[in-house]
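Contents: one structure, followed by commentary.
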Amino acid sequence: MKTGLNSELMNIFSKENSHELLKHTLQQNFEQQRQKFNPKENVDSLLIENAIFIDDILSFCWNHFLKQYASQLCLIATGGYGRKELFPKSDIDILILLNQADTITLQDNLSIFSNFLWDIGLKPGLSVRTISECIQKATEDQTIMTNLLEMRLIHGNPSLFSNLKTNLSKEKLWSSSQYFSAKMEEQNLRYAKFHDTAYNLEPNVKEGPGGLRDLQNIAWVFKYHYTAATLKVLIEHGFFSESEYNELIACQNILWRIRFALHILTSRCEDRLVFDYQRELASQFGFIDSNKNPDVEQFMQHYFKTVMELERMNEMLLQSFSEKLIDTPQAKQLNPPNEHFTSINGYLVVKEADTFKKNPLALLEIFPLLQHNSSLKGVRASTIRLVRKNLHLIDDDFRSTPRAHKLFLSILKSPCGITHQFRRMNRYGILGAYIPAFANIVARMQYDLFHIYTVDAHTLFVLRNLRRFSLEKHESEFPFCNSIFLRISKPQLLYIAALFHDIAKGMGGDHSVLGEKIAQQFCIQHNMSKSDSKMITWLVRNHLVMSMTAQRKDISDPDIIHNFALQVGNIDNLNHLYLFTVADIRATNPSLWNSWKDSLLLELYTFTHNVLRRGLQNPTEKSERLQENKLEAKEELIGLGISEATIQKTWDQISNEDDYFLRYSPEEIAWHSIAIASTKKSELPLVILRPKNQRGCVEIFVYALHKNDIFSLSAATLDQLGLTILDARIASFSLSTKEQYVLNSFQVLDQSGEAIKELDREIHICKTLQDNLCNLKVKNHLNIHRQSRQAKHFPITSKVTFHTDPLNKYTIIELITTDHPGLLASIGQAFIELNIQLHDAKITTIGSRVEDMFYITDFQFQSINDETILQNIKDKLISIIEEQEK
């Protein structure tokens, strides 16, 4: 113990407020570590220094509270603390080793000791055991065995500590084979928690795949088997060369520095690299903005390339360990035989060390072989190492070889293993070598709120999703997609389009247009037919069109459907685009996919399919659609016992009949008609709710006497109740008395993206909205609509654009901005102040990005074309947004 600290601690424990003084001492140490930390220098000495400092604190507390028992027992550091890899705010893992089972006399002392550690701000992970209990627990649980591997005596009885070490090492409690299997199972379970990808945009530096836990797993397995103190054992026993070992340690040092920086920045044990800290860390680590590559994206790409390398080394080393020490080598000829490879214990291995030098195309042969030999579990570690060393052989000459083209396309045409092999190709660096443009998106972050994966990870998830549409075992997930997939004659065209759809991200410009050109070059190089090339490039160029049409346009309008059908051209294109769109959205961010998007895309597909089937030269007339909707609604109402006279009387009251009967489905028209016909004027406003409609969301219907602020009051109330408005439709009608009525329909989901399932909540929503409409004000309740934590890190430039619909019936306002609680209500209020009539609203919120469309007229139902008025509207909307952002 340092003399200065020793005397300081003696002085502290002589005072009544000792725990406050020790808190201050710990904070001083933290501040000293903050000052010493340099993001560009290794932190191993700081970790050791921090562990020694905590040793001193704990030793003094131990002596103070355990008194005469302090020298009889053992205070032992375990885990990272035992390795002297103690980060500034890490938990303190300690074992108190007893020399007898009777703890009654020690119970009070130990309890006071433990509580004091918590009081001063340490977070001890504390266990109290005898030697026999340690042996028993370690025999039962490999995690306890792992903790004891790296134990270190802090203070107490050296003889007792030595006895524990002797008992643990006398004979191994777990065989190397058992311990290895347990650690691999633990790693697989940990990977599953992170969806088997390291490339989540808010990764966990410690626990995520490719993170520090992967490195520790390597260390535990090898140290346990060889009873070694350091990872130098990898070199000593021929698992790694000196240069490979240095690369492993370099990766460790990068992650150590990032984790250390997180603890310093947040002043807590924070191991998640969340958006809140990424920009600050990018600056600390010396990354600088460039035109096409922001500093934060450079920093995160640096991180992801590091974890990719660690994940690769983890796979290679643990597999090599299994090959060398666990498995008994059993060579087996491949079926059919291959001149370059054989199999040992189910792993593919080159027959000669110079196979790739003599036959570079063997680098691609690996993957079809793995697809066609179901008995193969993977690639032998020695061969993975050779693949990595020979990537330079995949050059322009290699890429122009017809045999290489045939091999690459054969992987995509295989009936099985496509996703697994492309992930393996990416992991080994083959994919980026064979398609150089793909190397540009490897580990590339997409710094927005939609994509939660790196571009390459997202791309391979799209490929996976498309593959699932072809597999019977996944049919229950998307049965309609599986049925459509049966009509795809060449699935490989979808898969190739998946590889190229985002390949131009980070190049500047429209990635769809640039990606189309790169895909075209690939098709030419691979001598693909004109029709196949056309399908691939068309999908890459138009991969966003269906999503944008479904979410941002009125797909109940036959003109919108006809225009989309013109873009699509034929049913085969529609089938491909529909499957691609579903796969792409689901691979962007699983939380963005919901029943609403599912139903919108299916509805757009169905309408467009009908148009294409009858022929683009025979578009559906609006009058035809209108009569079809009325007829179906009438049949449903009559079936429910509503007379034709009542139906006609109700419908005769609706003004703008064409709009109403086109924009609502027959089911919705019937539901509205029953409500209107059965409700007296004295019972208004009426608010009713359907828990789950045909679009998979909740529909809230408002029938009330016309007042200008009904829309804004409704929007404010629904927002306050934590509901996300997906679609809003406004209709009106008048009675013979000339009184105006409104029919407002809101499609909503809970803020979580789920439908509302609790009856009590449904009743509460209806009652609250009805009360607010009666009182013409929103009660001042706590707004449970919350902006996401990440949203503040993605400032969106607000934009207001005006469009005129083809029939010049409406002026369409397109608003792009950041979502804020109460935004829609404020916009509705602005429309009132500007004497604007709102007819329809398409609300699209992706993460916290708002992309809304409002269909408006003046109060004479005329579109607005006056430039001065339009500028006033734009200024008003921008001012509302700026006010909310304050």
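Tabulated values for the structure
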| item | result |
| --- | --- |
| Every residue from the stretch 256-298 that is touching a residue at least 24 places away in the same chain (Cβ under 8 Å), closer than 26 Å to residue 312 by Cβ, buried (at least 20 other Cβ atoms within 10 Å of the Cβ) and over 23 Å from the mean Cα position of the chain (by Cα) | 256, 257, 260, 261 |
| Any hit, the stretch 70-83, residues being over 30 Å from residue 105 (Cβ atoms) and not aliphatic (A, V, I, L, M) | yes |
| Residue tally, condition within 13 Å of residue 212 (Cβ to Cβ) and either open to solvent by less than 20 Å² (accessible area, probe 1.4 Å) or among the small types (Gly, Ala, Ser) (or both), over the stretch 236-255 | 3 |
| From the options 878, 869, 864, 856, residue that is at pLDDT 90 or above and outside any helix (DSSP H, G or I) | 864 |
| Given (1) exposed (fewer than 15 other Cβ atoms within 10 Å of the Cβ); (2) out of contact with any helix residue (DSSP H, G or I) (no Cβ under 6 Å at 6 or more places or on another chain), number of the condition residue 226 does not satisfy | (2) |
| Helices (runs of 4 or more DSSP H) wholly inside the stretch 315-425 that include at least 1 residues being among the small types (Gly, Ala, Ser), modelled with pLDDT of 95 or more and over 30 Å from residue 215 (Cβ atoms) | 362-372, 402-413 |
| Close pairs from the stretch 192-214: first of a type in the set (Val, Ile, Thr), partner open to solvent by 10 Å² or more (accessible area, probe 1.4 Å) and part of a loop (DSSP other than H, G, I, E, B), Cβ under 9 Å, at least 6 apart | 205/271 |
| Hits in the stretch 176-205 (condition: outside any helix (DSSP H, G or I) and either open to solvent by less than 50 Å² (accessible area, probe 1.4 Å) or polar (S, T, N, Q) (or both)) | 197, 198, 199, 200, 201, 202, 203, 204, 205 |
| Residue in the stretch 109-124 that is aliphatic (A, V, I, L, M), assigned to a strand (DSSP E or B), more than 39 Å from the chain's Cα centre (by Cα) and within 20 Å of residue 79 (Cβ to Cβ) present | no |
| Considering residues of the stretch 441-458 that are β-branched (Val, Ile, Thr) and touching a residue at least 60 places away in the same chain (Cβ under 8 Å) only, the residue most open to solvent (accessible area, probe 1.4 Å) | 452 |
| Number of the exception - residue 680 against (1) in contact with a helix residue (DSSP H, G or I) (Cβ under 7 Å, 6 or more places away or on another chain); (2) open to solvent by 40 Å² or more (accessible area, probe 1.4 Å); (3) modelled with pLDDT of 85 or more; (4) of a type outside the set (Asp, Glu) | (1) |
| Test set (1) within 34 Å of the chain's Cα centre (by Cα); (2) under 22 Å from residue 850 (Cα atoms) - residue 689 fails condition number | (2) |
| Candidate set from the stretch 561-585 (those that are among the polar types (S, T, N, Q) and assigned to a helix (DSSP H, G or I)); member that is surrounded by the most Cβ atoms within 10 Å (Cβ to Cβ) | 581 |
| Residue pairs meeting the criteria (Cβ under 7 Å; at least 6 apart or on separate chains; first within 20 Å of residue 306 (Cβ to Cβ) and outside any loop (DSSP other than H, G, I, E, B), in the stretch 229-248; second modelled with pLDDT of 90 or more and not hydrophobic (A, V, I, L, M, F, W, C)) | 234/245 |
| Among the candidates 727, 719, residue that is in contact with a His (Cβ under 7 Å, 6 or more places away or on another chain), surrounded by 13 or more Cβ atoms within 10 Å (Cβ to Cβ) and within 30 Å of residue 834 (Cα to Cα) | 719 |
| Pair list, Cβ under 9 Å, 6 or more apart: the stretch 48-65 residue farther than 16 Å from residue 121 by Cα and touching a residue at least 40 places away in the same chain (Cβ under 8 Å), other residue open to solvent by 30 Å² or more (accessible area, probe 1.4 Å) and hydroxyl-bearing (Ser, Thr, Tyr) | 63/71 |
| Residue ID - farthest from the chain's Cα centre (by Cα), chosen from residues in the stretch 143-159 that are of a type outside the set (A, V, I, L, M) and surrounded by fewer than 20 Cβ atoms within 10 Å (Cβ to Cβ) | 159 |
| Test: residue in the stretch 686-694 that is modelled with pLDDT of 90 or more and of a type in the set (S, T, N, Q) | no |
| Meets criteria (within 30 Å of residue 195 (Cβ to Cβ), of a type outside the set (Gly, Ala, Ser) and either modelled with pLDDT of 95 or more or buried (at least 21 other Cβ atoms within 10 Å of the Cβ) (or both)) for residue 526 | no |
| Condition check for residue 172: open to solvent by 60 Å² or more (accessible area, probe 1.4 Å) and over 40 Å from the mean Cα position of the chain (by Cα) | yes |
| Enumeration of residues in the stretch 754-777 that are under 20 Å from residue 691 (Cα atoms), among the aliphatic types (A, V, I, L, M) and not in a helix (DSSP H, G or I) | 755, 756 |
| Which listed residue, of 187, 136, is out of contact with any helix residue (DSSP H, G or I) (no Cβ under 7 Å at 6 or more places or on another chain) and more than 18 Å from residue 75 (Cβ to Cβ) | 136 |
| For residue 630: the one exception among (1) over 17 Å from residue 564 (Cα atoms); (2) open to solvent by 40 Å² or more (accessible area, probe 1.4 Å); (3) among the charged types (D, E, K, R) | (2) |
| Residue list for the stretch 848-886, filter: farther than 29 Å from residue 451 by Cα, touching a residue at least 60 places away in the same chain (Cβ under 8 Å) and charged (D, E, K, R) | 874 |
| Pairs where the first residue, in the stretch 821-847, is more than 15 Å from residue 880 (Cβ to Cβ) and open to solvent by less than 40 Å² (accessible area, probe 1.4 Å) and the second is of a type in the set (Ser, Thr, Tyr) and assigned to a strand (DSSP E or B), C-beta under 6 Å, 6+ apart | 837/857; 839/855; 840/855 |
| Residue, farthest from residue 523 (Cα to Cα), within the stretch 464-509, restricted to residues that are open to solvent by 40 Å² or more (accessible area, probe 1.4 Å) and among the hydrophobic types (A, V, I, L, M, F, W, C) | 480 |
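Yes/no per residue for (1) over 39 Å from the mean Cα position of the chain (by Cα); (2) on the phi < 0 side of the Ramachandran plot; (3) buried (at least 18 other Cβ atoms within 10 Å of the Cβ):
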position: 90; (1), (2), (3): no, yes, yes
position: 105; (1), (2), (3): yes, yes, no
position: 138; (1), (2), (3): no, yes, yes
position: 141; (1), (2), (3): no, yes, no
position: 161; (1), (2), (3): yes, yes, yes
position: 166; (1), (2), (3): yes, yes, no
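The values are calculated or read from the model by the stated rules, or taken from the named source; none is laboratory data. Everything numeric in this text was worked out from a predicted model, so none of it was measured. Here the Cβ is made from the backbone with ideal geometry for all residues, glycine too, and neighbour counts use every protein chain on show. For the accessible areas, the whole protein counts, side chains as well, though only heavy atoms, and no ligand, DNA or RNA atoms are used. Shrake-Rupley method; radii C 1.70, N 1.55, O 1.52, S 1.80 Å.
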